[in-house]
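The values are calculated or read from the model by the stated rules, or taken from the named source; none is laboratory data. As the structure is a prediction and not an experimental result, all values here were calculated from the model. Here Cβ is always computed from backbone atoms with ideal geometry, including for glycine, and neighbour counts include all displayed protein chains. Heads up: the accessible areas ignore ligands, DNA and RNA and are worked out on the full protein's heavy atoms, side chains in. Shrake-Rupley method; radii C 1.70, N 1.55, O 1.52, S 1.80 Å.
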Amino acid sequence: MSAPEPAPSALSMSPIPLIEGAAIDGMAAYRALVDEARRDPEAFWARLAREHLDWKQPFTRTLDSSHAPFFKWFDDGLLNASYNCLDRHLENGGASRTAIVFEADGGELTTLTYGELHARVCRVANALRARGVRRGDRVMIYLPMSIEGVVAMQACARIGAPHSVVFGGFSAKSLHERMADVGACVLITADEQVRGGRHLPLKTIADEALAMGCGDTVHTVIVYRRTGGAIPWHAGRDVWLHELEATQSATCEPEWVDAEHPLFILYTSGSTGTPKGVQHSTGGYLLWAALTMKWTFDIRASDVFWCTADIGWITGHSYICYGPTAAGATQMIFEGVPTWPNAGRFWQMIERHKVSIFYTAPTAIRSLMKAAQADPDVHPARYDLGSLRLLGTVGEPINPEAWRWFAAQVGGGRCPVLDTFWQTETGGHMIAPLPGVTPLVPGSCTLPLPGIEAAIVDETGRDVPDGHGGLLVIKRPWPSMLRTVWGNPARYRAGYFPEELGGKLYLAGDGAIRDSESGYFTITGRVDDVLNVSGHRMGTAEIESALAAHPQVAEAAVVGRPDATTGEAIVAFVVLKGPCPLDGDAQRVADELRTWIGREIGPIAKPREIRFGEAMPKTRSGKIVRRLLRSVAKGEAIEQDTSTVENPAVIAQFSKAA
Ligand code: WTA
């Protein structure tokens, strides 16, 4: 079987030309790789792992499936991730190459060469060792977008201490839960975070999290001084990052770990229960981070790469911390927000730094498109964006309108737009156009990368014909897949390799449809109770249990409603213990619940709308009728059959937002 040949079809092709001389140059080269991977997957991956990573001790085993779905890749090989991202670039003048250009919220710049980045990573790695951190110990990172964030992650990798980064927008309680679950011994944070001119007290939040009961395991809190603002201080436990660095040597022997050694644990939301710690390996993960920089982004020495994600998400792990450095690239890191001081900030930065590859989220594009339409001063046409050669999007479906605007107004009609589909669990891109290969179709993530056996199946695991929607699955293991859910292998097996599908297919949790002529995939959105708001992944169950924890709440149900800018908006249906609140009172309680969610989870989980009723619409067996709530949230007239609903009258109550 060979790769499908894209042809004009029901999907409408974009006229943007392909990049010449790309890492995978032309459809024939792509098909050759796809065929190589199908003929002998192990030989394919072994070849790539030898070519793209530096091994201290070469591996002799490529894939161990004896405990499937707990796969091992390259497991008798020894390597170090930080060595692969830093040391191997230092020879032949590489040390003076720019690794990072950091632009602070206020516009101040800091530039770091690979030599300087290496030295800082070594100093922090030595400092961690000096504080007793050993291979396998977990280090929590709660930092703003900063050079220090990358340094901290790489320092952990250097000594074989898996890191767990928590996004700075999560609350003390969320940080506490993750810190306790992962059993961290050190926390690295900052005094304050600065975004959009506002200061956020990270250290104070971190202290609150520690006071909730991780004090027994966390013996050291390392603090990066970002603003110098006043913060609480616990002598003995708390230490300044700059003071630690000043006392340490700028060289540090890496800890050589086996390829399966966990590089990091990153928490993400599932359809049920608490967030799960997605565990990634060192070898397989790093291979794909490095390789997709070449294959998808066609990264070159002359490029300035800019991924606008936060290091608290997987995109920041793979395409800020590890991918660009593994590829020896020059990248931008930005502290602030796209709309401050105005919505022209991204375009101004692309112009200022001559960014050539720009990777961002559909939500950002949609909101900047709206802003540009309202105010010509922040329109991309006002800026010189001639340095751009590739654009990419990630995190949520991109609607064709936003795609076309991005391509025309930002990319000037010259830059391929790479709609990259992937997940925290997949480690790197799974289905994405390749800039030298794939004719583009707005709204489609096009074809799977070579070696990725994506397919669409029905609820029993059988392939569905092209043109029919179904569940997106991956049929073969691939090196950068998650290895397990930290501390919960049963949840890994049941969640990602469900028995209903036969236990052998990796279930992504998204719906997809494949075009019968081109073979292109289009992602239709999550098929479980996971919401995607502005590209942030959240479980309805998490928000529901946070609401239910409020003393006044008897019951809560949360659904997503399509939103033109943020993709989805959170709508919460709430039954209070007391009487159903009216008008002004309802507004007051809704505000209080929003603040509550901000503290329980973080501001990103605050519901857009909260609606009150006297009871939940339920079936006779007591199940909340979510499909009705989804319709109500959308403001649709209820035409569905409500005969199975025990109390249809409550639907009318819920039809009004507080
Ligand atoms: C969604 C982010 C459509 C999808 C890298 C997936 C997308 C979830 C795309 C993973 C895309 C990501 N088109 N949907 N190009 N990229 N998604 O773990 O629902 O934060 O399952 O990883 O985002 O989100 P996560």
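Taking the Cα centre as origin and putting +1 on Lys and Arg beta-carbons and -1 on Asp and Glu beta-carbons, what dipole magnitude results for the range 534-654, to the nearest 20 debye?
It comes to approximately 260 debye.
Can you grab the distance from the C-alpha centre of the range 274-311 to the C-alpha centre of the range 54-104, Å, no decimals?
Centre-to-centre (Cα) distance: 12 Å.
Taking N as the number of residues in the chain, what is its Cα Rg relative to 2.2 N^0.38 Å?
With N residues counted in the chain, Rg over 2.2 N^0.38 Å equals 0.94.
Which one, Thr446, Ser480, Tyr496, projects farthest toward the positive side of the charge dipole computed for the range 436-501 from Cβ point charges (K/R +1, D/E -1)?
Ser480
Quick check for me: using +1 on Lys/Arg Cβ and -1 on Asp/Glu Cβ, what's the dipole size of the range 462-537 about its Cα centre, in debye to the nearest 20?
440
List the extent of the Cα atoms of the range 111-221 along each of their three principal axes, largest first, rounded to whole Å.
Its Cα atoms span 38, 36, 16 Å along the three principal axes.
Positive end of the charge dipole of the chain (Lys, Arg +1 and Asp, Glu -1 on Cβ, about the Cα centre): tell me which of Ala206, Gly160, Asn84 has its Cα farthest that way.
The listed residue farthest towards the positive side: Ala206.
Which ³J(HN,Hα) values, rounded to whole Hz and listed in residue order, are derived for the range 473-479 from phi using the Karplus coefficients 6.51, -1.76 and 1.60 in 6.51 cos²θ - 1.76 cosθ + 1.60 with θ = phi - 60°, glycine and proline given as x?
10, 10, 8, 10, x, 9, x
For the range 15-170, compute Rh as the Kirkwood radius over C-alpha pairs and then the Stokes-Einstein diffusion coefficient at 10 °C and 1.306 mPa s; write the answer in µm²/s, rounded to an integer.
On the way: Rh = 18.8 Å.
Answer from the Stokes-Einstein relation: 85 µm²/s.
Roughly speaking, what % of Cα-Cα pairs in the range 534-654 are separated by over 21 Å, rounded to a whole number?
Across the range 534-654, Cα pairs with separations above 21 Å total 36 percent.
Using the Kirkwood radius built from alpha carbon pairs, what does the Stokes-Einstein equation give as D for the range 187-306 at 20 °C and 1.002 mPa s, in µm² per second? Kindly include the intermediate steps, with their values, before the conclusion.
On the way: Rh = 18.2 Å.
In µm²/s, the coefficient rounds to 118.
Hey, with R₀ at 35 Å, roughly what FRET efficiency would Ser387 and Asp64 work out to, going by the Cβ-Cβ distance, to 0.05?
Working: r = 45 Å, r/R0 = 1.29.
The computed FRET efficiency comes out at 0.20.
Taking the Cα centre of the chain as the origin, how large is its charge dipole in debye, to the nearest 20, when only Lys and Arg (+1) and Asp and Glu (-1) carry charge on their Cβ atoms? Don't skip to the end; give the middle numbers.
Working: 64 positive and 74 negative charges, 92 e Å.
Dipole about the Cα centre, nearest 20: 440 debye.
Using R₀ = 56 Å, calculate the FRET efficiency as 1/(1 + (r/R₀)^6) where r is the Cβ-Cβ separation of His219 and Ala564; round to 0.05. Show your work: numbers first, answer last.
Details: r = 48 Å, r/R0 = 0.86.
The calculated FRET efficiency here is 0.70.
Going by accessible area, probe 1.4 Å, with all protein chains left in place, what is the ranking of Asp310, Asp585, largest first? The partial results should precede the final answer.
Values: Asp310 15, Asp585 70 Å².
Per-residue accessible area, sorted high to low, gives Asp585, Asp310.
In whole angstrom, how far apart do the alpha carbon centroids of the range 163-236 and the range 546-618 sit?
A separation of 28 Å, based on Cα centres.
Could you calculate the contour length gain from Arg135 to Asp585, that is, 0.36 nm times the residue separation minus the distance between their Cα atoms, to one decimal place in nm?
156.5 nm
So how far apart, in nm, are the two label points at Glu51 and Lys370 if each is 7 Å from Cα heading toward Cβ?
In this crude spin-label approximation the distance works out to 4.5 nm.
Which value in deg cm²/dmol, rounded to the nearest 500, describes the helix-derived mean residue ellipticity at 222 nm for the chain, given -39,500 (n - 2.57) per DSSP H run of n ≥ 4 and division by the residue count?
Roughly -8000 deg cm²/dmol at 222 nm, from the helical runs in the chain.
In percent, what relative contact order does the range 534-654 have, based on Cα pairs under 8 Å that are 6 or more apart in sequence? Please report the intermediate quantities before stating the final value.
On the way: 180 pairs, mean separation 29.7, N = 121.
Once normalised by length, the contact order is 25 percent.
Using alpha-carbon positions, what is the distance between the centroids of the range 366-414 and the range 637-658, in Å?
Spelled out, the Cα-based centre of one part sits 41 Å from the other.
What is the spin-label model distance, in nm, from Glu517 to Thr227 if the labels are put 7 Å beyond Cα along the C-beta direction?
5.6
Just going by the charge dipole of the chain, with Lys and Arg at +1 and Asp and Glu at -1 on Cβ, which of Val355, Gly196, Leu128 is farthest out on the positive end?
Leu128
Quantify, in whole percent, the carbon and sulfur part of the accessible surface of the chain (1.4 Å probe; protein heavy atoms only).
Carbon plus sulfur share of accessible area: 51 percent.
Could you work out the relative contact order of the chain? I mean the mean sequence separation of Cα pairs under 8 Å and 6+ apart, divided by the number of residues, in percent.
Contact order relative to length: 14 percent.
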